[in-house]
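Accompanying notes for the structure given below.
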Amino acid sequence: MRFAGALLFALVNALSAYVLMQGVPVIWNALFPEPAASTPYGNGGMPAPLLDSEFSRITARMIHGAVRLWVDMFGDGGSSTAGVVAMVLLVPCIMIIRAFSDYMSKYLLSWVGVRIITDIRQKVFIHLQNLSLDFFNKANVGDLISRIVNDCQQAQSAITTVISDCIKHPFTIVILAYGLLHEDWRFSLTAVVLAPVCILPIAIYGRKVRRTSKLSQENQGEIVSRLHENITGVRVVKAFHMEEYEQQKFWETCYRQFTYQMRIVRSVNILSPLIEIVAALGVSAALYYAHQQHMPTGKFWGLLIGIFFLYDPIKNLSKLHTTIQKSLASTDRIFAILDSQSTVVEFPGARELAPIRNRIQLEDISFRYDSKWVLQNISLIIPHGKTVALVGPSGAGKTTLLNLLPRFYDPVQGCVKIDGADLRGVTLRSLRSQIAIVTQDTILFHDTIRSNICYGSLDATEEQMTDASRRAHAHSFVLQQPQGYDTVVGEKGIKLSGGQKQRLAIARALLKDPSILLLDEATSALDSESERLVQEALGVLIRGRTVLVIAHRLSTIQRADLIVVLENGRMVEQGQHEELLAHNKTYRKLYDLQFREG
Ligand SMILES: Nc1ncnc2c1ncn2[C@@H]1O[C@H](COP(=O)(O)OP(=O)(O)OP(=O)(O)O)[C@@H](O)[C@H]1O
Ligand SMILES: [Mg+2]
């Protein structure tokens, strides 16, 4: 609809240029009557027009008739000042129509262009969120952000100009070329004969722009990356006195961006002057021709206006090529994201996972991120409602094992089953809605405490929310915050203490009320009071659920129904606390090192 409107306005715009070209000679002749040129559209002894059809003569005559009517009605034959003013005012009147239609077609076409990119941006975001974690392991945050923000922006401005130029200018060129050829084809061809010379530089500089634009967009990603790292890591930068080092590195990246940008500016802007020179040569040739032919002044003005309006779109179309090349560099980068595939996919015909009431089964699981096996041949049964504690030295693969349950990754060999169903055969939504995760580093969003607790349970009532908060021992400290539950916690919860953050995360998990709980206990111990509160909150959270916990605290291990010991990706022992201690093997060593004073 908008597109059709835009087409219509573009047509009006092109026609108005044509009207101006035809109308000016009529006005000129009315103002400066020349005996020889009594008919402005007559040939006056000139060669016959190339395009001499009935249609062209009728349109030309209609325009002349209309302009004449204006001149005769308001013009007074040019005898009074008012008459002359009325006559010359016709030119701005036509220009106003031209300007308005120009504005409208640009507006409507921009609407289409901006909308396309808005949709693509959202599409990229949705695609990103559906990608599995292995994509994010390899990706660079700054680069991804830059693609969604900067590349989409670049593609947007390009698409907007491309659509508008591709639609508007061909109309103008065709109509004006038609008019000019009809009016005096020799004059017109003389004026534009050199135009094809411009094609070569357009092609060369177009390719240059595309190459540089790709480098520039990549570098833009690096700028965002640096910013992201420096702002989030500002404490480390300051603590290690690395400000100057970081400033130098940032300057290098920015300076590189500057050189790329200037390279693009040179390539893009060299084309306009080049075409203008060619146009000037053409006009001078046409002038010479007009002099030879003793062309009537009015007609000459009309033709010159036509040529002038014709070169403008040609100039813009030449820029278009470089714009397209620029946007191609960006769209390549956007589509690279859209082309990347998630490795965790639902099987076709995946069904809903019914509320879990039996056991979780790991069947002979092996897993690797790259080439090195991180988990090997692990088989484990987690009975319903029981707590299984994972222990093992750092890097043993505990977190990795935990990540297999919500299908952050799929095992390379073996499978995970819940109530006998392979996880790959159930929908991710139904699986993850039954699982809550409390991680080593608590992740809070830059939002209010209320929103952070309700994350994942958006339809919870205020009572349910405060109840969860109370059971997680968070309620009393929340009330001490300046705005209670409406206090914004700062990025990653920076305004809260470690223990407070953990209790909010526990409240969030309690509110979700999942049947499976995955717990990656924080390694850093809290002070005793805070520790006691967190432990109590965890105790509440664990009750009545199937829990897989990576234990770093003695109390957690003692509460567990089963302890599983991992070492170098293998399950080396399992059993109860006392029994494992008696074995006097890996667990005993770990216990002596880690847990004894915990
Ligand atoms: N995203 C990843 N890409 C590649 N390798 C990884 C990735 N995450 C972990 N690893 C590797 O897998 C192994 C197991 O890591 P994992 O995080 O599971 O250990 P962990 O037992 O949880 O250790 P910790 O107690 O220190 O948290 C390590 O050798 C680690 O280097
Ligand atoms: Mg870990």
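None of the figures in this text is laboratory data; all of them are computed from the coordinates on show. These numbers come from a predicted model, not from an experiment. In this analysis, Cβ positions are derived from the backbone assuming ideal geometry, glycine residues included, and neighbour counts consider all displayed protein chains.
Return the lysines within reach of LYS501: Cα separation strictly under 18 angstrom, same-chain partners fewer than 8 residues apart disregarded; answer none if there are no such residues.
LYS492, LYS512
Distance between the C-alpha centers of region 550-592 and region 146-202? Whole Å please.
One Cα centre to the other: 75 Å.
Based on the alpha carbons, how large is the Rg to Rh ratio for region 425-518 when Rh follows Kirkwood?
The Rg/Rh ratio comes out at 0.98.
What ratio of Cα Rg to 2.2 N^0.38 Å holds for region 2-339?
Cα Rg divided by the expected 2.2 N^0.38 Å: 1.34.
Give me Rg/Rg_expected for region 303-409, where Rg uses Cα atoms only and Rg_expected = 2.2 N^0.38 Å with N residues.
The value comes to 2.20.
Run the numbers for ARG2 and LEU194: contour at 0.36 nm per residue of separation, minus the present Cα-Cα distance, in nm.
Fully extending the segment from ARG2 to LEU194 adds 65.4 nm.
At 0.36 nm per residue, minus the direct Cα-Cα distance, what do TYR178 and HIS583 gain on full extension? Give it in nm, one decimal, please.
Result for the pair: 136.1 nm of gain on full extension.
Excluding PHE250 itself, calculate the net charge of residues whose Cβ lies under 12 Å from the Cβ of PHE250, where each Lys or Arg counts +1 and each Asp or Glu counts -1.
-3
What is the distance in Å between the Cα centres of region 397-413 and region 257-283?
56
Determine the dipole magnitude for the chain: charges of +1 sit on the beta-carbon of Lys and Arg, -1 on that of Asp and Glu, nothing else is charged, the reference point is the Cα centre, and the result goes in debye to the nearest 20.
So the magnitude is around 520 debye.
Straight distance only, please: which aspartates and glutamates reach the Cα of LYS495 with their own Cα at less than 12 Å, same-chain residues fewer than 8 apart left out?
Hits, sequence-local ones excluded: ASP447.
What distance in nm separates the simple spin-label points at GLN413 and GLN122, each placed 7 Å from Cα in the Cβ direction?
Result for the modelled spin labels: 4.6 nm.
Rounded, prolate or oblate: pick one for region 155-195, where a ≥ b ≥ c are the square roots of the eigenvalues of its C-alpha gyration tensor, a/c under 1.5 means rounded, and failing that, prolate if a/b is larger than b/c, else oblate.
oblate
Once R0 is set to 41 Å, what does the formula 1/(1 + (r/R0)^6) return for the Cβ-Cβ distance between ARG256 and SER394, expressed as a FRET efficiency to the nearest 0.05?
Step by step, r from the Cβ atoms, then E = 0.60.
Let me check I've understood the local charge: for GLY499, count other residues with C-beta under 10 angstrom from its C-beta, Lys and Arg +1, Asp and Glu -1. What total comes out?
0
Using a Förster distance of 25 Å, how high is the FRET efficiency between GLU462 and GLU531, based on the Cβ-Cβ distance and rounded to 0.05?
0.25
For the charge dipole of the chain, defined by +1 on Lys and Arg C-beta atoms and -1 on Asp and Glu C-beta atoms about the Cα centroid, which residue among ALA537, SER555, HIS127 has the Cα displaced farthest towards the positive pole?
Most positive-ward Cα: HIS127.
Would you list, by chain and number, the lysines whose Cα falls below 29 Å from the Cα of LYS585, excluding same-chain residues fewer than 8 positions away?
Answer for LYS585, where 29 Å is the Cα cut-off: LYS372, LYS386, LYS398, listed by chain and number.
Rounded to the nearest 0.05, what FRET efficiency do PHE347 and VAL540 give with R0 = 35 Å and r taken as the Cβ-Cβ distance? Could you check?
Efficiency for this residue pair is about 0.45.
So what is the 222 nm mean residue ellipticity for the chain from helices alone, if each DSSP H run of at least 4 adds -39500 (n - 2.57) and you divide by all residues, rounding to the nearest 500 deg cm²/dmol?
Only helices count here, giving -21000 deg cm²/dmol.
For a protection proxy built on the mean count of beta-carbon atoms within 10 angstrom, sort 535-546, 577-588 highest first, please.
535-546, 577-588
Largest first and in whole Å, give the semi-axes of the chain's equivalent ellipsoid, each being the square root of 5 times a Cα gyration tensor eigenvalue.
77, 25, 23
Can you give me the C-alpha center-to-center distance between region 492-520 and region 340-373, rounded to a whole angstrom?
25
To check you understand DSSP bridge types, tell me what percent of the beta bridges within the chain (both residues inside) are antiparallel, rounded to 5.
50
Between ASP486 and PHE100, what length comes free when the chain is fully extended (0.36 nm per residue of separation minus the Cα-Cα distance, one decimal in nm)?
Taking 0.36 nm per residue and subtracting the Cα distance, the gain is 134.0 nm.
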